[in-house]
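Just below is one structure, and these are the notes that go with it.
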Amino acid sequence: MSLLRITGPGRVVAADGRAFAVVEHGGRWHVVDADCPHNRGPLEHGWIRDGLLVCPSHWYRFDLGTGECDVSPQHRLGVYPVVERDGVRYADVGDPPAPLSWSERLRAHARGE
């Protein structure tokens, strides 16, 4: 488990280099992947409409609770739970993914990932 301190809205980078977007909506804090899975749009510049985070690049919309995209089901956003300890907010962003081998990278590239 890797905890990331949340100080306010915007883009935050973990010690391992992963980036996350922090948004507040309806009195609740949400932490999601920083870049849109569709075309890498900066989600910290997005807006919330009808409870969905809208990417500023191509207007893909993501559910803040599940990460599901209502425009394109094959695109899913990583969402991370926010906890409060002693008055400080943290996001549990988990451990970084294991590095891919060259063959795994090539296969992922061939799939368009």
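Only one of the listed residues (Asp63, Asp50, Asp35, Asp70) is crowded, with 18+ Cβ neighbours inside 10 Å and free of Cβ contacts under 8 Å to residues at least 24 places away in the same chain. That residue is Asp35. Filtering the range 40-75 to residues that are under 16 Å from Ala19 (Cβ atoms), among the hydrophobic types (A, V, I, L, M, F, W, C) and out of contact with any helix residue (DSSP H, G or I) (no Cβ under 9 Å at 6 or more places or on another chain) leaves only Leu43.
Under the condition of being among the charged types (D, E, K, R), closer than 24 Å to Pro96 by Cα and assigned to a loop (DSSP other than H, G, I, E, B), the residues counted in the range 27-73 number 1.
When Gly94 is tested against the conditions (1) surrounded by 11 or more Cβ atoms within 10 Å (Cβ to Cβ); (2) modelled with pLDDT under 95; (3) more than 17 Å from Val12 (Cα to Cα), the lone failure is (3). Take the conditions (1) closer than 16 Å to Ser2 by Cα; (2) out of contact with any helix residue (DSSP H, G or I) (no Cβ under 9 Å at 6 or more places or on another chain); (3) not β-branched (Val, Ile, Thr); Asp33 misses just one of them, which is (2). Report yes if Glu24 is in contact with a Pro (Cβ under 7 Å, 6 or more places away or on another chain), farther than 25 Å from Pro99 by Cβ and exposed (fewer than 15 other Cβ atoms within 10 Å of the Cβ), otherwise no. Yes; evaluated as a whole, the condition is true for this residue.
The values are calculated or read from the model by the stated rules, or taken from the named source; none is laboratory data. Note that the coordinates shown come from a computational prediction; the quantities given were computed from them, not determined experimentally. For neighbour counting, all protein chains shown are included, and Cβ atoms are generated from backbone atoms with ideal geometry for every residue, glycine included.
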